[in-house]
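Here the structure comes first, spelled out in structure tokens, and everything after it is commentary.
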There are 2 protein chains.
Amino acid sequence: MKKDTTTEEKIREAARQVFRSKGFYGCTSREIANAAGENVALVNYYFRSKSQLFKIIFEAAMDDFVLSMVEVFGSKKSLVEKMRIFIDLEYAFLAKHPELPSFILNEMNREDGCNIDHQKYFLKVAETGLFEECFKAQEEGYMRSISLNSIPLLIMSNCHYPVMAKTMLMQLHGMTSKEYDDNLNIHKKLVSDMLINFLFPQSN
Amino acid sequence: MKKDTTTEEKIREAARQVFRSKGFYGCTSREIANAAGENVALVNYYFRSKSQLFKIIFEAAMDDFVLSMVEVFGSKKSLVEKMRIFIDLEYAFLAKHPELPSFILNEMNREDGCNIDHQKYFLKVAETGLFEECFKAQEEGYMRSISLNSIPLLIMSNCHYPVMAKTMLMQLHGMTSKEYDDNLNIHKKLVSDMLINFLFPQSN
DNA sequence: CATTTTTTTAAACAAGCGTTTAAAATCCTT
DNA sequence: AAGGATTTTAAACGCTTGTTTAAAAAAATG
């Protein structure tokens, strides 16, 4: 009789949760095994080592990370529309996965890094034709002529930082979690307006 | 004969460097002692425990973190001028201390948190009169009427995230560290223009 | 049902952790 | 220079870490 979730899957799912919220150094193999309700030795039985298991979790996280970007910018809409849709989707996605940006940034900064093929993820985004589209829009004077490096950076700054800084700003402003999230929804609209007005100056 | 740097100072300075770049869990007492060129036991002799030493380092980091904000916004200039000066200073400051934003955000997110008086730092900023000044400017129609929570969030997002994401974006774009930093200087101007145009709509 | 293969277990491993100890070295005061 | 306080040291403490082992349990195979 096949179980609906195998031991391997239980461990992977527990690792996903624990690694994402605590990072590689912030948790132990035993903690992951307990979260999965299984014996410690099984972590190594199925995944050979903590590092190997982490690598799997991290790569899956990177897939999640670029998925919405690829989906939105690969679609057939105007650039302005795509921008607004992307910001909306990104805020919605991060509401469900608020630990993701910190997780990825931190683990990439780790000394004994995560040893994955980073370029592959950049290519995924590049393949949507986003950069060519921006370049063309800039030549036509439709989009502000700024470095193509700055465009994703502006968007990511204003989408990711607000969720990364939640704990700090909650405490600084003395807000509850819900109050902060409500403010985030208001903030999203500001970000959307600000970025589009800046990137597409004649659009209003 | 007094040494120019005491053992205690050497350990504190080593701890500052190591904690900031690796975080509380990312380093060991022995690593700090080695960086200071001293015996492990001295860490506990002078600071009682790793946690206690960390607390000192973290609070000093928070002081650094809010210092430029307090200095700039406590000065007697127009709000627009202050904004532009602050962004300039913040980029310059973070060029020297690029690990600071990640450090503070991460350690605040830690489960067994850093147990410091966060409110004190908010008060420091509030005491500059920044929020009253913004409120007044909004009533006069000089500044865009947005939540007073969103203003620091917009500024911090666009100042802090670009240095936090350096490793990731360098690898994604295949840039060298110098190339990224050069781009950051261009980006700073964009951020400055974008934020000021958005916050003070009639200012151009 | 017997045998082989796969999965799970408890226990142990060496290494590293934060911290403590007690003796040695150094400093300061008289 | 002697004596007492302070600083530094090497070694050890108990505990946790990632990982391995070897036996037990379960599942699959014929």
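Throughout, read-outs are computed from the coordinates displayed, never taken from laboratory work. Remember, it's a predicted structure, so these values are computed and weren't measured experimentally. All Cβ positions, glycine included, derive from the backbone under ideal geometry; neighbour counts span all protein chains shown.
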request  = In nm to one decimal, list the spacings between the B:Glu139 label point and its equivalents in the other copies, with label points set 7 Å along Cα to Cβ, shortest first.
outcome  = 5.3
message = At R0 = 60 Å, how high is the FRET efficiency between B:Lys77 and A:Lys55 if r is their beta carbon distance? Nearest 0.05 is fine.
response = 0.75
ask   = Using the Cα gyration tensor of region A:1-48, with a ≥ b ≥ c the square roots of its eigenvalues, what is the shape: rounded (a/c below 1.5), prolate (a/b larger than b/c) or oblate (neither)?
value = prolate
query = Counting other Cβ atoms within 10 Å, which GluC sites (Glu not before Pro) in region B:120-199 have at most 10 and lie in a DSSP loop?
reply = B:Glu140
message = I need to check one value: relative contact order of region A:1-48, counting alpha carbon pairs closer than 8 Å and at least 6 residues apart, in percent.
response = 36
message = Run the label-point distances for B:Gln17 please: 7 Å along Cα to Cβ, every other copy, nanometres, shortest first.
response = 4.1
Region B:32-87, dipole about Cα centre (Lys/Arg Cβ +1, Asp/Glu Cβ -1), debye to the nearest 20 = 180
key: Largest to smallest principal axis extent of the C-alpha atoms in region B:86-135, angstrom   = 37, 27, 13
remark   = For region B:117-187, the Cα-Cα pair-distance distribution in 5 Å bins from 0, as whole percents, is 3, 13, 17, 15, 12, 12, 12, 11, 4, 0
request  = Mind checking A:153-163 for the average number of partner chain beta-carbons within 10 Å of each residue's beta-carbon?
outcome  = 6
inquiry  = Using the Cα atoms of the protein assembly as shown, I'd like the radius of gyration and the largest Cα-Cα distance, Dmax, both in angstrom.
reply    = 22.8, 79
task = Percent of Cα-Cα pairs per 10 Å bin, from 0 to the last occupied bin, for region A:30-74, please list those.
result = 25, 37, 21, 15, 2
task = Would you mind pulling out the separation of the Cα centroids of region A:105-159 and region B:146-175, in Å?
result = 13
task = Kindly provide the helix-only [θ] at 222 nm of the protein assembly as shown, computed as the sum of -39,500 (n - 2.57) over DSSP H runs of four or more divided by all residues, to the nearest 500 deg cm²/dmol?
result = -23000 deg cm²/dmol
Label spacing, shortest first and in nm, from A:Ala60 to its equivalents in the remaining copies (7 angstrom along Cα→Cβ) = 4.1
note = In whole Å, largest first, the alpha carbons of region A:55-203 cover along the principal axes 45, 38, 24
